[in-house]
Number of protein chains: 2
Amino acid sequence: MSKFYGIGVGPGDPELLTIKAARVLGSIDVLLIPQTQKDKKGVAYTIMEQFLRKNIEVVYIDFPMVADEETFVDAGKQAANIIISQTKLGKSSAFVTLGDPSVYSTYGYIVKALEGKVEIETIPGITSFCAAAALANRPLVEKDEILTIVPMNASDERIDAALKVGDAFAFMKIYKREERVANHLMKHYMEEDGILVQRCGFKEAIVHTDVIESLHENTDYLTLVLSRKEEVV
Amino acid sequence: MSKFYGIGVGPGDPELLTIKAARVLGSIDVLLIPQTQKDKKGVAYTIMEQFLRKNIEVVYIDFPMVADEETFVDAGKQAANIIISQTKLGKSSAFVTLGDPSVYSTYGYIVKALEGKVEIETIPGITSFCAAAALANRPLVEKDEILTIVPMNASDERIDAALKVGDAFAFMKIYKREERVANHLMKHYMEEDGILVQRCGFKEAIVHTDVIESLHENTDYLTLVLSRKEEVV
């Protein structure tokens, strides 16, 4: 049966793909890749290139980095149409996404546009926040702690409210919003135990423990911050 | 160089181990496994048994399911002593954990007890909440949504505060606390879009869309709930 797969390729290291992701990538006929910049293969492609079978058909889907909702819905429909026609031809296809397909991925737009028209299987991936915690050999959460994943495209008001109630935090989408992250960390007394992780999952990955200073200097898109409230003794 | 590894084996399916986890499991000399019940091999062991090399040394570490902080600290020290002596003998060792080693794992107690005495590498794993979302082909979070991981051993008061501010939620450690989860979902109008996932990652995995009813009937330890606030149109 030809099927459509949504595949998480993890944070960057090809060895952090699951065995299942690697196996499925080696079996599909058509690969759909989100293209955020013209003429660029994209990070997801370079991570999993080695697992693809020879002569695989590659289709780029135009998912711009910054766009309105309508553009994303249209891109999802464009992808869905390709997937539906490939499935009718008896071909299996996959859409790949950095990290995990269920966490801030444009994959959701494709699933919605497919609306039960083809068989779908989602293969989870290692999230950047788990990979960053692993790189630093530190827990994200223990015991009864609440973990909150904070996307920095949310409003300051909502972020502030979330920081008040949680114990541990992963700040995502921080690129070009570094000053706001620094302000939130300082406001909630979380700079001491914070780390900034750049290019987690790649060979050049770095863990910075001077989080405020590193935020001021950050110029890398693939960056996140982990922090936690200081324990009240 | 002999090294100590903390390895996440994912939610249950051996194919959801990363390529790296499988490779390292095949190379180590000594395997440390958390034992929660006497004379039971444990779920983590059955998931990764096939990747271990023949004649590997297996050491069980007594991490009881319910215990006070001191018991866990002692178990961490016990594990650390074994790891340190094995490392001195030039042997590599690993501690395995279901899901990801940084998310509610007893692995943190071992890392603390080792305090830089040996070289440590943590290998991340697929979390149960990512695997559950994948199984249901639904996003955990999109766009600017805040994702909160709520452990049901936290107090009702803290859980209530967290539910007020987030958009999407994964409820963990729900076994024997199902009524409390149901009450929280109903209080915050989240039962409509909730799912209960049992034995996610295993062959017998089930996604229940009637979340409140399924909570009343749940008898499975490996169960979690995903939910989100209904969109205000």
> (1) within 17 Å of the chain's Cα centre (by Cα); (2) under 26 Å from A:Asn153 (Cβ atoms); (3) touching a residue at least 12 places away in the same chain (Cβ under 8 Å): which one isn't true of B:Tyr175, the others all being true?
Replying inline: (2)
> Got a number for residues in region B:140-158 being in contact (Cβ under 8 Å) with a residue 12 or more places away in the chain, at the interface with chain A (Cβ under 8 Å from one of its Cβ atoms) and either in contact with a helix residue (DSSP H, G or I) (Cβ under 9 Å, 6 or more places away or on another chain) or open to solvent by less than 20 Å² (accessible area, probe 1.4 Å) (or both)?
Replying inline: 8
> Does region A:189-218 hold any residues that are at positive phi and open to solvent by less than 90 Å² (accessible area, probe 1.4 Å), and which are they?
Replying inline: A:Arg199, A:Gly201
> B:Lys229 versus (1) open to solvent by 40 Å² or more (accessible area, probe 1.4 Å); (2) at pLDDT 95 or above: which is the lone unmet condition?
Replying inline: (2)
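Let's see how each residue does on (1) at pLDDT below 95; (2) closer than 18 Å to B:Ala132 by Cα:
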site: B:Asn153; (1), (2): no, no
site: B:Asp156; (1), (2): no, no
site: B:Lys203; (1), (2): yes, yes
site: B:Leu224; (1), (2): no, yes
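Here is a yes/no grid of residues against (1) closer than 22 Å to A:Val103 by Cβ; (2) aliphatic (A, V, I, L, M):
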| site | (1), (2) |
| --- | --- |
| B:Lys143 | yes, no |
| B:Ile146 | yes, yes |
| B:Ile149 | yes, yes |
| B:Asn153 | no, no |
| B:Ile159 | yes, yes |
| B:Asp167 | yes, no |
| B:Ala170 | yes, yes |
| B:Tyr175 | no, no |
> Does A:Pro124 count as within 8 Å of another protein chain (Cβ to nearest Cβ), touching a residue at least 12 places away in the same chain (Cβ under 8 Å) and surrounded by fewer than 24 Cβ atoms within 10 Å (Cβ to Cβ)?
Replying inline: no
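Residue-by-condition table, conditions (1) polar (S, T, N, Q); (2) in contact with a Lys or Arg (Cβ under 8 Å, 6 or more places away or on another chain); (3) open to solvent by less than 30 Å² (accessible area, probe 1.4 Å); (4) over 15 Å from B:Ala134 (Cβ atoms):
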position	(1), (2), (3), (4)
A:Arg53	no, no, no, yes
A:Val58	no, no, no, yes
A:Phe63	no, no, yes, yes
A:Lys77	no, no, no, yes
A:Ile82	no, no, no, yes
A:Pro101	no, no, yes, no
A:Thr106	yes, no, no, yes
A:Ser128	yes, no, no, yes
A:Ala132	no, no, yes, yes
> Within region B:84-99, how many residues turn out to be open to solvent by 20 Å² or more (accessible area, probe 1.4 Å) and either in contact with a His (Cβ under 6 Å, 6 or more places away or on another chain) or at positive phi (or both)?
Replying inline: 1
> Among the residues of region A:109-121, how many are surrounded by fewer than 24 Cβ atoms within 10 Å (Cβ to Cβ) and modelled with pLDDT of 95 or more?
Replying inline: 9
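Name the residue that is surrounded by the most Cβ atoms within 10 Å (Cβ to Cβ), counting only residues in region A:31-51 that are at pLDDT 90 or above and of a type outside the set (A, V, I, L, M, F, W, C).
A:Glu49
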> Could we say that A:Pro14 is under 24 Å from B:Val141 (Cβ atoms) and either open to solvent by 10 Å² or more (accessible area, probe 1.4 Å) or more than 14 Å from every other protein chain (Cβ to nearest Cβ) (or both) here?
Replying inline: no
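Across region A:162-178, what is the total count of residues that are open to solvent by less than 30 Å² (accessible area, probe 1.4 Å) and either among the hydrophobic types (A, V, I, L, M, F, W, C) or more than 7 Å from chain B (Cβ to nearest Cβ) (or both)?
9
The values are calculated or read from the model by the stated rules, or taken from the named source; none is laboratory data. Only a predicted model underlies this, so the values are computations on that prediction, with no experimental measurement involved. Neighbour counts are summed over all protein chains in view; Cβ atoms, including those assigned to glycine, are modelled from backbone coordinates with ideal geometry. All accessible areas refer to the heavy atoms of the entire protein, side chains included, with ligands and DNA or RNA removed. Shrake-Rupley method; radii C 1.70, N 1.55, O 1.52, S 1.80 Å.
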